[in-house]
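J.: The structure is given below, and queries will be raised subsequently.
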Amino acid sequence: MKAHHDLMPLVYDELRRIAARYMGRERPGQTLDATGLVNEAFVRLAAERTREFENRTHFLAIAALSMRQILVQRARTKRAIKRDAGGQQVTLDDASVPPSAVRAGFERPDPDRPGDVDVLALDEALTRLAEFDPEQAQIVELRYFGGLTVEETAEAVGVSPATVKRQWAMARAWLKQALEGLGPLA
Amino acid sequence: MTPQRWSQIKKVFNGAVERPAEERAAWLRAECGTDLALLEEAEKLLRSHDTLGPFLDRPAGVDPEDLALAEPPEPASDGDAAVGALWHAGARVGEFEIIRPIGRGGMGVVYLATDRRLHRNVALKSLPVTLAGNTQLRERLKREARAAATITDPAVATVYSLEEVDGHLLLASEFLDGPTLRAVIDEGPMDVATVHAIALQVARGLRAAHEAGVVHRDLKPENIVITPGGAAKIVDFGIAWLEGPGHPHQAKLTRAGAMIGTPAYMAPEQLMGQTVDARTDIFAFGVIVAEMLSGRHPLSVADAAPARERTPEGDVLAGLLQRLADHCRQTSPAKRVRTARELVARLDGMAGAVDAAPGAPRAAKPAPRPTRFWWEFHQGAAAVSYVVMLVPAWLARATIGGVEGRSFFIATTCAAVMASMLRLHLWFTSRQHPTELPWARRRSAAWIRLADILVVMSLVIGAALVAAQSVLDVVLLVLAVGVAVSSIVIEPATARAAGLENTSAS
């Protein structure tokens, strides 16, 4: 059987295509914004397949989920590579290591993005949050990983923008606490 | 943290946030009363809230390189720790003897095993041991497995039993040997009659399940097995919710942060974490039918597989199936096909088109019935007859003579031409644009009836005018009777046999 065809065929490919184009022309190390990425993916896909994308929020929710998966997966890979590389010297002329792996081994601290967090820790905390408040967890996923606005999030979740704001504030507070290790272990 | 406790905290927290800082402390104390733990939790959260700074303020940033390197997420296959022991061939587990592992899902390993009590082969699925510690979940699983076991439909893999052996939960169900529908779709374009046959079986399976009160929740090509005999079998009824996406307990069942689910088949309401019911399965059904027709997921931007050459008859069926799929994939559940029963009825209603389509399983069904041919033949024959009828009308004109003769002939000709042309129009539509036929019939039905009445009337009047002057009156009367019988009796019969009556009524 062919492997994993079931997984996010569409949004995924489009996000990757967009990324590949940016890699060609932006200065290295520049990060893309989830909001811009997701919206660009939507615009491009919607232009090709108008009929399937009558519901934009449906698409945005899938995209947010994809972004979360991608970021978590990459963070995990990087951590593994770092761990493996711990004992041995990796040099650029080491032909057995693909250049991408070498580059990915270095995490660039980005002074432009003070709000960035440890994605793996956030993902774990979010999974925990989802156990007792799935709505807050979903709102965080949409807002942070999908870059949705408050209004878009409200539409996707089916609540009022005021509720989104309240839930978002509380979820942020809880997550910050959890990430700082002060949070109550649920 | 329980959801109940959390909502208590939420209430206090939200109340406090809305108040000016100086009033908060007093308000909190009043609100929490003697529950000091609650007070402490709320205060900690509020402190965290006040010092949020830029935390999560901006959406996630992505290094384009990361994005480009990301692999499609894999199911949590390294969740073996949660799956429990792996058994080897020959191992005895309760009453089962393991023959070999046959698959591995996000949730557990599936084995081919022999039930030693009943001497039959079963598919044995080991469920995560984490379930053992959760009574609520386990009860639900038992309930659902019991409900799934009551489904008796050839298109649903039979659930035999849910067993507990040494702390492991095992689900024994019908062993199926064959590729999944995913493999079949990936092999290349499917012929449209096969698509219809599989869709019909799956719809019947859904009907049986929904009427037994079981919703699948994770219907997708991977969960449909095609047996060597060509039968479609839906698997994982009653347990799909365990590994299905969007389930609040899902996180506990796989490793933390495991990649979840298959959003590609999830209905919008499921994706949003809202209530899921039978209509969620209907959405997934629509996606699957669309995918079988085109060879690609309806949301996929990949180029469609080169379409299989289709005859006009095949196109009719493909069009009907596509329309059904679109109807199932409506964003709002209320706009979808409402029940699986209705799905089955709609698919059954396509029988005429299936027989005409190439690739129809001839062995299972009688040769295509000449139903549409009969109706078309009748339309053609009637159209010709009306024109031929003008010969005796012309002769009668001469016999009657004068203005009456002329008027009679003109009236008959007009009515006959109208009746004839409309029938030729339908005949042509049926041959060239079969999908438009119901519409064309609806539009012209009244006119055809009117033309027939006019023809009969003018023939009867003509017969009266010629009366006693020639045998022509008999000829005209006979023609009038013939037209009336044809229009009132024969034509509806041919339309009915061609399955057009249903179509035009819907």
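Please treat every number below as a calculation from the coordinates, not as lab data. Quick caveat: nothing in here was measured; it's all calculated off a predicted structure. Cβ placement follows ideal geometry from the backbone for every residue including glycine, while neighbour counts extend to all protein chains displayed.
J.: Residue B:136 to residue B:315: FRET efficiency via 1/(1 + (r/R0)^6), r the Cβ-Cβ distance, R0 51 Å, to the nearest 0.05?
T.: 0.50
J.: Less than 19 Å from a label point 7 Å out along the Cα-to-Cβ axis of residue B:323: which backbone N atoms in segment B:413-435 qualify, by residue?
T.: B:426-435
J.: Shifting gears a bit: Between residue B:156 and residues 5 or more places away or on another chain, which pairs have amide H atoms under 5 Å apart, with H built 1.01 Å from N, and which residues are they?
T.: B:234
J.: Over all residues in B:215-222, what is the mean tally of Cβ atoms on other chains that come within 10 Å of each residue's Cβ? Write down the numbers at each step before the final one.
T.: Working: counts 0, 0, 0, 1, 0, 2, 2, 4.
Counting other chains' Cβ atoms within 10 Å and averaging over B:215-222 gives 1.
J.: What ranking, highest mean first, results for peptides B:184-193, B:289-298, B:445-454, A:138-147 when packing means the other Cβ atoms within 10 Å averaged over each residue?
T.: A:138-147, B:289-298, B:184-193, B:445-454
J.: So what's the net charge close to residue B:23: Lys and Arg +1, Asp and Glu -1, counting the other residues with Cβ under 15 Å from its Cβ? The partial results should precede the final answer.
T.: Working: positive: B:19, B:24, B:29; negative: B:18, B:22, B:31, B:43, B:50.
Net of charged neighbours comes to -2.
J.: Report, as an integer, the average count of C-beta atoms from other chains found within 10 Å of each Cβ along B:42-53. Each step should come with its number before you reach the end.
T.: Numbers: counts 0, 0, 6, 8, 2, 4, 12, 7, 1, 3, 6, 3.
Per residue, the number of nearby Cβ atoms from other chains is 4 on average.
J.: Once label points are set 7 Å from the Cα along Cα→Cβ at both residue B:165 and residue B:30, what is their separation, rounded to one decimal in nm?
T.: Computed distance between label sites residue B:165 and residue B:30 equals 6.4 nm.
J.: If you don't mind, another one. In the structure shown, do any of A:78/A:165; A:82/B:44; B:220/B:335; A:176/B:11; A:165/B:335 have a Cα-Cα gap over 28 Å, and if so which?
T.: On the way: A:78/A:165 33 Å; A:82/B:44 35 Å; B:220/B:335 21 Å; A:176/B:11 19 Å; A:165/B:335 31 Å.
Checking Cα-Cα distances, A:78/A:165; A:82/B:44; A:165/B:335 exceed 28 Å.
J.: Just order B:323-332, A:68-77 by mean Cβ neighbour count inside 10 Å, highest at the front, would you? Please report the intermediate quantities before stating the final value.
T.: Details: B:323-332: 18.4, A:68-77: 21.5.
Going by the mean number of other Cβ atoms within 10 Å, highest first, we get A:68-77, B:323-332.
J.: Can you tell me the relative contact order of segment B:424-491? Whole percent, Cα pairs under 8 Å, sequence separation 6 or more. Present the calculation step by step, with values, prior to reporting the outcome.
T.: Working: 38 pairs, mean separation 17.5, N = 68.
This gives 26 percent for segment B:424-491.
J.: Right, something else. How far apart, in nm, are the 7 Å Cα→Cβ label points at residue B:118 and residue B:342?
T.: 3.6
J.: Follow-up question, since we're still on this one. Taking θ as phi - 60°, what are the ³J(HN,Hα) couplings along segment B:315-327 by the Karplus curve (6.51, -1.76, 1.60), each to the nearest whole Hz, with x for Gly and Pro?
T.: 5, 4, 5, 4, x, 5, 5, 4, 5, 5, 4, 4, 5
J.: Residue B:449 to residue B:407: extension gain in nm, 0.36 nm per residue of separation minus the Cα-Cα distance? Spell out each step's value before the answer.
T.: Working: separation 42, 0.36 × 42 = 15.12 nm, distance 2.16 nm.
Fully extending the segment from residue B:449 to residue B:407 adds 13.0 nm.
J.: Further question: Summarise the partner chain shielding of A:168-181 as one whole number: the mean count of Cβ atoms from other chains within 10 Å of each residue's Cβ. Please report the intermediate quantities before stating the final value.
T.: Working: counts 1, 6, 10, 1, 6, 12, 10, 4, 9, 6, 1, 3, 3, 0.
Mean shielding by partner chains, rounded to a whole number: 5.
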